[in-house]
């Protein structure tokens, strides 16, 4: 009996130690979420110009009783948000061109004009100085806007001077045209999802803001592929990417003209509809029928037949409501739908 009591006591002690280790692990996990917000996502407003994600709900769960499915969902979200942070940074810097070539062209032009006694040399030097100061802009969006402004000034000067310096300025005119094309292409790339070719989160957020600023009525629809993580886990991320590409193609085909669709990140897509909630609900039912089902994709290991089911959350913009508030309501409904899946 004494031996049994000792064994029971040892088991209880071991259980208490394991419980303590579990609580310490959960605390560390919660601290990790806090560190990601503090050291990574705090850059979103200043550097990317968008609202940062929040892990407050996850940290509250970790402070109390947490289930295994909660931990799995947290892990999936953290991985998704970090991956999207990398994608957003890449998108915001896409196509940004070096200023050195443009500055060198301006300097050479200024020297040639000076040799001819050209009085407009100072104007070019002023633009060059402005471009040089533009390199100190805090965000890429601010830099692009500044460059567009200065390139516009250069184009105006070139047009004015063509009559007097046609031969000299032909090369510069071509340079400025090419540079403007690069800036326009950079803007396009920064608003395009590299995987699907759809508009990305940045592009759609800008479009929604223009709708709210203009008072245009609209409904936001957020779509999420249920249990998409299992596709990546079982078949690899390449298969998951191909499934997202096929899904986006079908989504665009089902929507038709007059709607805007974007990849929000990961396996989430957003549709911006210039319609009220009643019409959006009718459209969502039609889309569920068309989107749910089996998708055929081809991988290095052969063809795969994957079943897809979507969850949809939507919200109609209310008068005086910000874009972020509309997205928040739609996302809350999406989460509720996913809990039923």
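The values are calculated or read from the model by the stated rules, or taken from the named source; none is laboratory data. Quick caveat: nothing in here was measured; it's all calculated off a predicted structure. All Cβ positions, glycine included, derive from the backbone under ideal geometry; neighbour counts span all protein chains shown.
Could you grab me the full set of residues in the range 248-286 that are in a loop (DSSP other than H, G, I, E, B), under 21 Å from residue 308 (Cβ atoms) and touching a strand residue (DSSP E or B) at 6+ places or on another chain (Cβ under 9 Å)? Give the derivation first.
First, pick out the residues of the range 248-286 that are in a loop (DSSP other than H, G, I, E, B): 256-258, 266-267, 274-276.
Add one more test, that the residue is under 21 Å from residue 308 (Cβ atoms), and what stays is 256, 266-267.
The answer is 266, 267.
Of the residues examined, residue 313 is not one that is in a loop (DSSP other than H, G, I, E, B) and either modelled with pLDDT of 90 or more or surrounded by fewer than 20 Cβ atoms within 10 Å (Cβ to Cβ) (or both).
Right, residue 189: crowded, with 16+ Cβ neighbours inside 10 Å and more than 30 Å from residue 145 (Cα to Cα) or not? Spelling it out, it is not the case that residue 189 is crowded, with 16+ Cβ neighbours inside 10 Å and more than 30 Å from residue 145 (Cα to Cα).
On the stretch given as the range 215-228, residues that are in contact with a strand residue (DSSP E or B) (Cβ under 7 Å, 6 or more places away or on another chain) and buried (at least 19 other Cβ atoms within 10 Å of the Cβ) total 8. Scanning the range 53-81 for residues that are surrounded by fewer than 16 Cβ atoms within 10 Å (Cβ to Cβ) and outside any helix (DSSP H, G or I) returns 54, 64, 65, 67.
When you scan the range 215-238, how many residues do you find that are closer than 19 Å to residue 279 by Cα and in a strand (DSSP E or B)?
First pass over the range 215-238, keeping only residues closer than 19 Å to residue 279 by Cα: 215-223.
The next check asks that each one be in a strand (DSSP E or B); those that pass are 219-223.
So the count comes out to 5.
Only residues that are part of a strand (DSSP E or B) and in contact with a strand residue (DSSP E or B) (Cβ under 6 Å, 6 or more places away or on another chain) were counted in the range 186-214, giving 1. Does residue 318 satisfy the criteria of being assigned to a strand (DSSP E or B), out of contact with any helix residue (DSSP H, G or I) (no Cβ under 7 Å at 6 or more places or on another chain) and surrounded by fewer than 13 Cβ atoms within 10 Å (Cβ to Cβ)? Taking the combined requirement at face value, the residue does not satisfy it. Across the range 159-182, the number of residues qualifying as at pLDDT below 70 and surrounded by 19 or more Cβ atoms within 10 Å (Cβ to Cβ) comes to 3.
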